[in-house]
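Engineer: After the C-alpha cells below, expect a handful of questions from me.
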Amino acid sequence: MEATRPLAKRLQGRVALVTGAAGGIGAATAVRLADEGAMLVLTDVRDEAGDEVAARLRDRGSKALLLRQEVEGEEGWVIAVAAALSEYGRLDVLVNSAGLVSNDRTGILVGMRVAADALTASGHGSVIDIWYALEYAFGPFGALGTPPVCSPANAPHWKPEGVRVNYVHPGFFDTPIPARPRRLEEVAACVAFLASDDASFISGVELYVDG
C-alpha cells in the first residue's frame, strides 16, 4: 500500500472520513488519500489493525485519527462526523468502505444523512460508496433484486447541495478475467480521483475497476 511515485496533492487541506479503514480497500484508500494531502478520520471495528494503519500514516507525516465505529448505527456516525469537525474543522470526503454482512446497507444512508451538513458546508463535498465482490456476484441490483440503497440514483438528491455521490465497484481480487487480479492501490486511485476536484463535474457514476 505504499505510493510508488510522487503524487499530486489534489486533496491538500481536505478532510476525509473512511470507514472500514483497518484493512483491504479501506486501508489502501486511506494511504492514497493521505499521500494526496488529506487529513483523515479512520473508522473500523478492528482496533489493533486500525491502530497500525493510523500509526503508519502518522509516521509518514499525515494526520490520522482512528475511531471504533459500527456503521449500522447512527451513534457511531454522529461521533465520527463530530470528531472530524472537532479535530480538523471540516469534512470534505466520505468513503463508505466498510463491508457489511448483508445486502442491507441502510446504515450508510444514515451516515450520509448525519454527514450532510458538513459535506455541504465543505464546498467540495464528495461521497464514494464501495460495493464489494460478494454483492458483485449477484449483479448491480444485489442479491434480493433491489437497487443498492447507496447507488448513484441518490446523486440527484445531493446535487443541489453541491455534494457529488459516486460508486466504485472493485470486482474480484482473483477473477481469471482479466489475466491478473486488480490491486488494492488501483481501486484506491479511483477513489482519490473521485474525491478530488479533477472529478468536480462527475456525479452519479458507477465506476467498475475490474479490467
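Engineer: Given (1) over 15 Å from Ile128 (Cα atoms); (2) touching a strand residue (DSSP E or B) at 6+ places or on another chain (Cβ under 9 Å); (3) hydroxyl-bearing (Ser, Thr, Tyr), where does Ser86 come up short, assuming only one miss?
Structural biologist: It is condition (2) that Ser86 fails.
Engineer: Has region 68-76 got at least one residue that is without any contact (Cβ under 8 Å) to a residue 40 or more places away in the chain and more than 26 Å from Leu109 (Cα to Cα)?
Structural biologist: no
Engineer: Could we say that Ser196 is surrounded by fewer than 18 Cβ atoms within 10 Å (Cβ to Cβ), modelled with pLDDT of 95 or more and closer than 24 Å to Ala116 by Cα here?
Structural biologist: no
Engineer: Moving on to the next point. Test each condition in (1) at pLDDT 95 or above; (2) within 15 Å of the chain's Cα centre (by Cα); (3) not hydrophobic (A, V, I, L, M, F, W, C) for Gly107 and report the one that comes out false.
Structural biologist: So the condition that Gly107 fails would be (1).
Engineer: Return yes when Gly50 is in contact with a strand residue (DSSP E or B) (Cβ under 7 Å, 6 or more places away or on another chain), in contact (Cβ under 8 Å) with a residue 24 or more places away in the chain, surrounded by 24 or more Cβ atoms within 10 Å (Cβ to Cβ) and more than 24 Å from Ser196 (Cβ to Cβ) and no when it is not.
Structural biologist: The answer is yes for Gly50.
Engineer: Just checking, does region 151-167 include any residue being among the aliphatic types (A, V, I, L, M), in contact with a Gly (Cβ under 6 Å, 6 or more places away or on another chain) and modelled with pLDDT under 90?
Structural biologist: Yes, because at least one residue in region 151-167 is among the aliphatic types (A, V, I, L, M), in contact with a Gly (Cβ under 6 Å, 6 or more places away or on another chain) and modelled with pLDDT under 90.
One line per residue, one yes/no per condition, for (1) at pLDDT 95 or above; (2) within 18 Å of the chain's Cα centre (by Cα):
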{"site": "Asp59", "(1), (2)": "yes, no"}
{"site": "Val78", "(1), (2)": "yes, yes"}
{"site": "Ala82", "(1), (2)": "yes, yes"}
{"site": "Arg113", "(1), (2)": "no, yes"}
{"site": "Ala137", "(1), (2)": "no, no"}
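The values are calculated or read from the model by the stated rules, or taken from the named source; none is laboratory data. This one's a predicted model, so the numbers in the text were calculated from it and none came from an experiment. Reconstructed Cβ throughout: ideal geometry from the backbone, glycine too, with neighbour counts over all protein chains shown.
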